[in-house]
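Novice: Please read through the structure below; I'll follow up with questions.
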Amino acid sequence: MKKAIFTLTALLFASMAVSSAQTMYDALDLGKDNYFGTARTLGMGNAVTAVGGDLGSVALNPAGSAVAGYSTFTISQGLSISSTKSSWAPAYSEFDGTQEFSGATKAGKVRYTMPNIGFNLRIDTGEYSGLKSWNFAFLSTMTNNFVEKSVARGFNAVGGTPFTSMAGAFATGAMFNSDGNGSMLDPDILTYTDPYNHLNRNGFYDRWQYITAYEGGMINYNETIETGGAFYGANEYKYGPYYLLDDDGNKIPILDDNGNPRQYDNGDPMYYQTYDFGVPGRLLQTSERVRYGSKNDIVTNFGFNFNDNFYVGVNFTFPIINLRYLERFSEVPDSSWPATATVTPEMVHPNGDYIVEAAQLFKQVSYAYNYDADISGINAGVGFIWLPVRNLRIGASIKTPTAYSVSERLYMTVDTRYQNLSRHGESPVGEFEYNFRSPWSMSTGLAWTFGSFGLVSADWQMTDFSVMKYSTDDDFGPDDPYARTNEYMNLFCGVSHSLRLGLELRPLPFLALRAGYTRTSNPERYYYDNEGYLVDASLYDKDYAYYQAGKAWLLDKKYYVNAPVSSVSLGVGYVSTGSFYADFALRRTTSASYYSPYNTYLEVKDDLGKVRCNADGVAYMVIAPCTRSVRSLVDAVLTVGWRF
């Protein structure tokens, strides 16, 4: 028997009748900032909380506008070059295997950007003390860039690990959790003209991805299986047991306690490892993901200068996010696929007839998921910069959570090719609107100036992701579709810390040289429970009922120390005594991410076909393949400006 584990990253289509595709990990993406600003602030690693004076500093500290002793207009143009190197780890046994990444597939994408444009007006009050001037600034500044493309490929399993597939994962979901309430995909609704918007026999909506997978031939339905009907993947046998084969296509014998094959009396092998229901051979799998778009903050700012040594400011910000995401996945048999591994495509026709095709070889499954979102919001921020002595600057700012309104569209397609048959399935376009609350953040900074020769600066920023929340204007009462995701975010999203360092030198009156460094920690956290197990969001989701029943509980909270986001920047500036000035900066940002194209769903069995379990009776699983992508994003920005 197969068992499903539905992780947060893999449930792309939640109950489509009432909610959207957002997960905890989508919220983490939307909640993160990657400040650009002007070429000057970018070249200094955006360590400008205590510096100010530049339009690029306003988004980080609203008091930055008041430091400028003049009015200014700036515009920044840039290029973002994303390069991703991806490796592949095939499926492995949770009982006795390890995850091993290999291979390296490179992919890239280039995008034109306008990181910053705006003006800052300074109005002098004519006073010699107290409020000496105030500023009004209006600008658009980029605070994240989503450009990324990754491609990874490899086999579904190696050695003696049982084979898995996306088709098998979808079939398992259709069998055991099609509507999110533990039910099988209702065969009756598959006969309707529009099965996507019909309640199943249990009064729920079946998830769109399983209906599309069925229509596209990725999964088949057999109504004669003893269980009363069952779904199985396009590349799965529907009856077992089947022999487990090694990489050379040979049957794997069962070993005795001495490590020798169990044999008949005449010496011939007696027992071979088998599995009941699954993929008979090795598949070459390819995962491709493309993401593009940006987050731009439209900022209205007011700054106030008191006695030329204390500056305060306030921002009213309207973030705008445009996000596009495309995912493709395919799996095809490799040369070791058994020649006798034919499957029998079968389905329920819309007229109610049960159709069984001739047995034939499986050729390919292709899956595509398209998502785009237009998001707008509002937040506010306040900050100050203080000069207690001539050369020392101290700054701090705080930004409220952003209240976002999200409008999104998504759909998926599935194509399956057999030896003599092809099928295509395409879901309707799902359109959804809901609300999202982003993290709040606080920044502090110190800077030391060396007269006209330059300065050094350091910032620390704290961002609290645990306050993120999805909501909707509709009243679902106790059936809030986001309740469980919000619970995960509160438990497994914590505080991210950013360290920013900056340097600016003026070796010549007209020349400025800059350097910067930024490192941001991972806000995702995990726990150890009372039984000593490490529990992350996916494991908690898997054993949700176990924890809700009070059979185990979370204790020690921990943060991941791996996979930080770091960047290094360099810049140069032309400083004139007149109106015009220009700056140029390069920044390289590196980050790593992990992604499983489909769910873990297959249990580990021993040589005699019995499910292997841990001490608590929880089955060990064959962990689905995983990709590891290391992204390098190079941003080149040119800023020109005029003082007046």
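The values are calculated or read from the model by the stated rules, or taken from the named source; none is laboratory data. Quick caveat, the model's predicted, so the values are computed rather than measured. Reconstructed Cβ throughout: ideal geometry from the backbone, glycine too, with neighbour counts over all protein chains shown. With ligands, DNA and RNA removed, areas are computed over all heavy atoms of the protein, side chains included. Shrake-Rupley method; radii C 1.70, N 1.55, O 1.52, S 1.80 Å.
Novice: In region 225-233, is there at least one residue being surrounded by fewer than 18 Cβ atoms within 10 Å (Cβ to Cβ) and not in a loop (DSSP other than H, G, I, E, B)?
Specialist: We begin by selecting, within region 225-233, every residue surrounded by fewer than 18 Cβ atoms within 10 Å (Cβ to Cβ); these are 225-229.
Checking which are not in a loop (DSSP other than H, G, I, E, B) leaves us with none.
No - not one qualifying residue is present in region 225-233.
Novice: Now, a different point. Looking only at residues in region 395-440 that are β-branched (Val, Ile, Thr) and open to solvent by less than 50 Å² (accessible area, probe 1.4 Å), which one is nearest to the chain's Cα centre (by Cα)? Walk me through how you get there before you give the answer.
Specialist: Going through region 395-440, the residues β-branched (Val, Ile, Thr) turn out to be 398, 400, 402, 406, 413-414, 416, 429.
Still in the running and open to solvent by less than 50 Å² (accessible area, probe 1.4 Å): 402, 406, 413-414, 416.
Working: Thr402: 19, Val406: 17, Thr413: 21, Val414: 22, Thr416: 27 Å.
Checking each candidate, the answer is Val406.
Residue-by-condition table, conditions (1) under 22 Å from Val604 (Cβ atoms); (2) at pLDDT 90 or above; (3) in contact with a Lys or Arg (Cβ under 7 Å, 6 or more places away or on another chain); (4) assigned to a loop (DSSP other than H, G, I, E, B):
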position: Lys132; (1), (2), (3), (4): no, yes, no, no
position: Thr141; (1), (2), (3), (4): no, yes, no, no
position: Thr161; (1), (2), (3), (4): yes, no, no, yes
position: Thr172; (1), (2), (3), (4): yes, no, yes, no
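Novice: Given the condition out of contact with any strand residue (DSSP E or B) (no Cβ under 6 Å at 6 or more places or on another chain) and surrounded by fewer than 24 Cβ atoms within 10 Å (Cβ to Cβ), answer yes or no: does some residue in region 65-83 qualify?
Specialist: yes
Novice: Follow-up. Is it the case, given these coordinates, that Ala50 is in contact with a Leu (Cβ under 8 Å, 6 or more places away or on another chain), crowded, with 24+ Cβ neighbours inside 10 Å, modelled with pLDDT of 95 or more and closer than 20 Å to Thr577 by Cα? Full working, then the answer.
Specialist: Working: in contact with a Leu (Cβ under 8 Å, 6 or more places away or on another chain): yes; crowded, with 24+ Cβ neighbours inside 10 Å: yes; modelled with pLDDT of 95 or more: yes; closer than 20 Å to Thr577 by Cα: no.
Against the criterion (in contact with a Leu (Cβ under 8 Å, 6 or more places away or on another chain), crowded, with 24+ Cβ neighbours inside 10 Å, modelled with pLDDT of 95 or more and closer than 20 Å to Thr577 by Cα), Ala50 does not qualify.
Novice: Separate question: Can you name the residue in region 114-143 that is hydroxyl-bearing (Ser, Thr, Tyr) and touching a residue at least 12 places away in the same chain (Cβ under 8 Å) and, of all such residues, is most open to solvent (accessible area, probe 1.4 Å)? Full working, then the answer.
Specialist: So the first thing to find is which residues in region 114-143 are hydroxyl-bearing (Ser, Thr, Tyr), and the list is 125, 128-129, 133, 140-141, 143.
Now drop any that are not touching a residue at least 12 places away in the same chain (Cβ under 8 Å), which leaves 129, 133, 140-141, 143.
Working: Ser129: 77, Ser133: 0, Ser140: 28, Thr141: 4, Thr143: 0 Å².
So, considering only residues that are hydroxyl-bearing (Ser, Thr, Tyr) and touching a residue at least 12 places away in the same chain (Cβ under 8 Å), the one most open to solvent (accessible area, probe 1.4 Å) is Ser129.
Novice: Here is a further query. Quickly run through region 391-433 and pick out the residues that are aromatic (Phe, Trp, Tyr) and more than 30 Å from Ala50 (Cβ to Cβ). Walk me through it before giving the result.
Specialist: The initial filter retains those residues of region 391-433 that are aromatic (Phe, Trp, Tyr), namely 404, 411, 418, 432.
Tyr411, Tyr418, Phe432 - these are the residues of region 391-433 that are aromatic (Phe, Trp, Tyr) and more than 30 Å from Ala50 (Cβ to Cβ).
Novice: Now, a different point. Yes or no: Phe146 touching an Asp or Glu at 6+ places or on another chain (Cβ under 9 Å), open to solvent by less than 10 Å² (accessible area, probe 1.4 Å), of a type in the set (Phe, Trp, Tyr) and touching a residue at least 40 places away in the same chain (Cβ under 8 Å)?
Specialist: Numbers: touching an Asp or Glu at 6+ places or on another chain (Cβ under 9 Å): yes; open to solvent by less than 10 Å² (accessible area, probe 1.4 Å): yes; of a type in the set (Phe, Trp, Tyr): yes; touching a residue at least 40 places away in the same chain (Cβ under 8 Å): yes.
In short, yes.
So that you can scan it fast, the table gives a plain yes or no per residue for (1) assigned to a strand (DSSP E or B); (2) within 30 Å of Gly233 (Cβ to Cβ); (3) among the hydrophobic types (A, V, I, L, M, F, W, C):
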site	(1), (2), (3)
Gln364	yes, yes, no
Ser376	yes, no, no
Val389	no, no, yes
Ile398	yes, no, yes
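Novice: Determine whether region 493-508 contains at least one residue that is within 20 Å of Phe436 (Cα to Cα), open to solvent by 10 Å² or more (accessible area, probe 1.4 Å) and touching a helix residue (DSSP H, G or I) at 6+ places or on another chain (Cβ under 8 Å). I'd like the intermediate steps shown before the answer.
Specialist: Start the filter on region 493-508 by keeping residues that are within 20 Å of Phe436 (Cα to Cα), which leaves 493-496.
When the remaining residues are screened for being open to solvent by 10 Å² or more (accessible area, probe 1.4 Å), the result is 495.
If we keep only those that are touching a helix residue (DSSP H, G or I) at 6+ places or on another chain (Cβ under 8 Å) too, we end up with 495.
Yes, the conditions are met somewhere in region 493-508.
Novice: Six or more apart or on different chains, Cβ under 6 Å: which pairs go from a residue in region 418-434 that's under 24 Å from Tyr237 (Cβ atoms) to one that's buried (at least 19 other Cβ atoms within 10 Å of the Cβ) and among the charged types (D, E, K, R)? Could you list them?
Specialist: Gly425/Glu215
Novice: Separate question: Taking the conditions exactly as written (modelled with pLDDT under 90, aliphatic (A, V, I, L, M) and open to solvent by less than 20 Å² (accessible area, probe 1.4 Å)), does Ala512 satisfy them or not?
Specialist: Details: modelled with pLDDT under 90: no; aliphatic (A, V, I, L, M): yes; open to solvent by less than 20 Å² (accessible area, probe 1.4 Å): yes.
Answer is no for this residue.
Novice: Counting only residues that are under 21 Å from Gly53 (Cβ atoms) and not in a strand (DSSP E or B), which one in region 442-473 is least open to solvent (accessible area, probe 1.4 Å)? Can you show your working first?
Specialist: From region 442-473, those under 21 Å from Gly53 (Cβ atoms) are 443-461; that's our starting set.
Remaining after also requiring not in a strand (DSSP E or B): 450-453.
Numbers: Phe450: 99, Gly451: 60, Ser452: 97, Phe453: 107 Å².
Selected residue: Gly451.
Novice: Cβ-Cβ below 8 Å, separation at least six or inter-chain, first residue in region 300-321 and assigned to a strand (DSSP E or B), second basic (Lys, Arg): which pairs?
Specialist: That search, which allows pairs on different chains as well, returns Asn305/Lys132; Phe306/Lys132; Asn315/Lys399; Thr317/Lys399; Pro319/Lys295; Ile320/Lys295; Ile321/Lys295.
Novice: Please work out which residue is nearest to the chain's Cα centre (by Cα), limiting yourself to region 93-113 and to residues that are open to solvent by less than 50 Å² (accessible area, probe 1.4 Å) and hydroxyl-bearing (Ser, Thr, Tyr). Before the answer, list the steps.
Specialist: Our first condition is that a residue be open to solvent by less than 50 Å² (accessible area, probe 1.4 Å); within region 93-113, this holds for 93, 97, 105, 107-108, 113.
Those left that are additionally hydroxyl-bearing (Ser, Thr, Tyr): 93, 105, 113.
Numbers: Ser93: 25, Thr105: 19, Thr113: 22 Å.
Of everything passing the filter in region 93-113, Thr105 is nearest to the chain's Cα centre (by Cα).
Matching residues to (1) in contact (Cβ under 8 Å) with a residue 60 or more places away in the chain; (2) of a type in the set (Phe, Trp, Tyr); (3) within 30 Å of Tyr112 (Cα to Cα); (4) crowded, with 18+ Cβ neighbours inside 10 Å:
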site	(1), (2), (3), (4)
Gly550	no, no, no, no
Asp556	no, no, no, no
Ser567	yes, no, yes, yes
Ser591	no, no, yes, yes
Leu602	yes, no, no, yes
Lys610	no, no, no, no
Ala615	no, no, no, no
Ala636	yes, no, yes, no
Gly641	yes, no, yes, yes
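Novice: Do the conditions hold for Ser452, that is, is it among the hydroxyl-bearing types (Ser, Thr, Tyr) and closer than 30 Å to Val634 by Cα?
Specialist: Numbers: among the hydroxyl-bearing types (Ser, Thr, Tyr): yes; closer than 30 Å to Val634 by Cα: no.
No, not satisfied.
Novice: Looking at Ala619, is it out of contact with any Pro (no Cβ under 9 Å at 6 or more places or on another chain), surrounded by 14 or more Cβ atoms within 10 Å (Cβ to Cβ) and of a type in the set (A, V, I, L, M)? I'd like the intermediate steps shown before the answer.
Specialist: Values: out of contact with any Pro (no Cβ under 9 Å at 6 or more places or on another chain): yes; surrounded by 14 or more Cβ atoms within 10 Å (Cβ to Cβ): yes; of a type in the set (A, V, I, L, M): yes.
Yes: the conditions hold for Ala619.
Novice: Would you confirm, using the coordinates I've provided, whether Ala358 is in contact (Cβ under 8 Å) with a residue 24 or more places away in the chain and surrounded by 15 or more Cβ atoms within 10 Å (Cβ to Cβ)? Reasoning before the result, please.
Specialist: Numbers: in contact (Cβ under 8 Å) with a residue 24 or more places away in the chain: yes; surrounded by 15 or more Cβ atoms within 10 Å (Cβ to Cβ): no.
Against the criterion (in contact (Cβ under 8 Å) with a residue 24 or more places away in the chain and surrounded by 15 or more Cβ atoms within 10 Å (Cβ to Cβ)), Ala358 does not qualify.
Novice: Give the residue, chosen from Ser80, Ser65, that is farther than 20 Å from Trp448 by Cβ, part of a strand (DSSP E or B) and modelled with pLDDT of 95 or more.
Specialist: Numbers: Ser65 fails: part of a strand (DSSP E or B).
Of the residues listed, the single one that is farther than 20 Å from Trp448 by Cβ, part of a strand (DSSP E or B) and modelled with pLDDT of 95 or more is Ser80.
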